[in-house]
1. Looking at (1) farther than 28 Å from Leu198 by Cβ; (2) in contact (Cβ under 8 Å) with a residue 60 or more places away in the chain; (3) touching a strand residue (DSSP E or B) at 6+ places or on another chain (Cβ under 7 Å); (4) buried (at least 20 other Cβ atoms within 10 Å of the Cβ), which one does Glu293 not meet, given that it meets all the others?
2. Filter the range 54-83 for residues that are of a type in the set (Val, Ile, Thr) and over 18 Å from Gly20 (Cβ atoms); which is surrounded by the fewest Cβ atoms within 10 Å (Cβ to Cβ)?
3. Could you list all residues from the range 357-382 that are hydroxyl-bearing (Ser, Thr, Tyr) and touching a Pro at 6+ places or on another chain (Cβ under 7 Å)?
4. Taking the residues in the range 199-253 that are in a strand (DSSP E or B) and in contact with a helix residue (DSSP H, G or I) (Cβ under 7 Å, 6 or more places away or on another chain) as candidates, determine which candidate is surrounded by the most Cβ atoms within 10 Å (Cβ to Cβ).
5. Just for the range 178-198: of the residues that are part of a loop (DSSP other than H, G, I, E, B) and of a type in the set (Gly, Ala, Ser), which one is modelled with the lowest pLDDT?
6. Tell me, which residue of the range 301-317 that is exposed (fewer than 15 other Cβ atoms within 10 Å of the Cβ) and part of a helix (DSSP H, G or I) is farthest from the chain's Cα centre (by Cα)?
7. Mind checking which residues of the range 346-397 are of a type in the set (Ser, Thr, Tyr) and in contact with a Leu (Cβ under 9 Å, 6 or more places away or on another chain)?
8. Scan Phe235, Phe221, Phe299 and give me the residue that is farther than 19 Å from Leu343 by Cβ, among the aromatic types (Phe, Trp, Tyr) and assigned by TED's automatic domain parsing to the domain that holds Ser321.
Amino acid sequence: MSVQLVVPSIGESITEVFIGKWLKSEGEFVHKDEPLVELESDKATLELPAPVSGVLSRIRKKQTETAAIGEVIGLMEERVPATVPAQVETPAPVAATTSQSTSKPKEGPRVMPAAARVLAERGIEVSEVSGTGPGGRILKEDALAHTPGTAPDNGGAGLKTEFPSISGNGREVEVVPLSPMRRTIAARLVEAQKSAALLTTFNEIDMSEVMALRKKFQDAFLKRYNIKLGFMSFFVKAVVDALKSIPQVNAEIRDQSIVYHNYQDIGIAVSGGKGLVVPVLRNAERMSFSEIEIGIADFARRAGENKIGLDELEGGTFTISNGGIFGSLLSTPLVNPPQSAILGLHAIQDRPVARDGQVVIRPMMYVALSYDHRIIDGREAVTFLRRIKETVEDPARMLIEA
């Protein structure tokens, strides 16, 4: 019996999804609840599980194509494991047919993601291409060299990419459509600049005390909570304290009103497999150092696996973005609407500074606060950033709330 694979409803405001990677091939047997395909929305990536056990008989929507909520993107033939056929009709390109043999199939050559995309678009079997990468890996260059020319047309739907065959230095051009998440990121960044009166103020923080405190308690913290004590928990704590002191920074403009939040939901910008995402630490004011560190580590792990839930990306009142992990020395982060401010952290560098009339070397970090001048005045912005500086430079304040 044929079973339709339908795009489920994944959010009130989401009307279509972007077909990511198919995790199973046509003709492959799939157990119930096994993930079949990645669906990308403008906020997150989720996996569509198999509704029944059986064979994936047809893929109607290929990778990079879009599909509406409720649209059929594939078909399955319901089977039980003992009746898995050797193959089904109309196998897809680059898909290996299954065998009735119970012996473990021989592992084929590894195909790099860019090469797999080229092979899939051109309908080329992996076995036809010789890999020149380490360990026989098939590289994008191998796929291009095997099939120079233009990708086949699929009726105007999805991606149509041209790879011109040019002798000599091989100056190819690859055209890849923006994913829904990337389009949304672009739209929100433009929206932030158009709709808000953005301004950025800067300061620098001496990280000596935090680094000494972290070093002193690192082993005990790791032993007790099974996670390292990082710098982000100190900044989250400092931000919570500063937001309580300057409530305008934790507010937003809604129509002709200002909405003040009596809680602190802190968004933490993390780099995921599909781009930057900002999951939210709910009620950060109630969280301990260990809870903050565990929460951020969990966000980072699941962002890399594209497993951040939609509900985890909504409702933040303030955002922290740490460009320092990539080596950024200074930047002007953009506010994440409808929030009114964002704190940018940067790389820690040993720099000469004046202390008590002497020049000494200290680990220093530049911090930046971008804010919406419609709701936050310069005085509040500078005071907020100074409060964070004072708290991080004297972390005992976090314990006694001084």
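The values are calculated or read from the model by the stated rules, or taken from the named source; none is laboratory data. These numbers were taken from a predicted model, which means no experiment stands behind them. Cβ: placed from backbone, ideal geometry, glycine included. Neighbour counts: every protein chain shown.
1. Going through the list (1) farther than 28 Å from Leu198 by Cβ; (2) in contact (Cβ under 8 Å) with a residue 60 or more places away in the chain; (3) touching a strand residue (DSSP E or B) at 6+ places or on another chain (Cβ under 7 Å); (4) buried (at least 20 other Cβ atoms within 10 Å of the Cβ), Glu293 breaks only (3).
2. First pass over the range 54-83, keeping only residues of a type in the set (Val, Ile, Thr): 55, 59, 64, 66, 69, 72-73, 80, 83.
Retained after the next criterion (residues that are over 18 Å from Gly20 (Cβ atoms)): 55, 80, 83.
Values: Val55: 22, Val80: 10, Thr83: 12.
My answer is Val80.
3. If we filter the range 357-382 for residues that are hydroxyl-bearing (Ser, Thr, Tyr), which is where we start, we get 366, 370-371.
Correct list: Ser370 only.
4. The initial filter retains those residues of the range 199-253 that are in a strand (DSSP E or B), namely 199-206, 251-253.
If we keep only those that are in contact with a helix residue (DSSP H, G or I) (Cβ under 7 Å, 6 or more places away or on another chain) as well, we get 201, 203, 205-206.
Values: Thr201: 17, Asn203: 14, Ile205: 25, Asp206: 19.
The qualifying residue surrounded by the most Cβ atoms within 10 Å (Cβ to Cβ) is Ile205.
5. Applying the first criterion (part of a loop (DSSP other than H, G, I, E, B)) to the range 178-198 yields 178-179, 196-197.
Next cut, of a type in the set (Gly, Ala, Ser) only: 179, 196-197.
Values: Ser179: 72, Ala196: 87, Ala197: 91.
Residue satisfying both the conditions and the ranking: Ser179.
6. Asp311
7. Listed by number, the residues that qualify are Tyr366, Ser370, Tyr371.
8. Values: Phe235 fails: farther than 19 Å from Leu343 by Cβ; Phe299 fails: farther than 19 Å from Leu343 by Cβ.
Result of the check over Phe235, Phe221, Phe299: Phe221.
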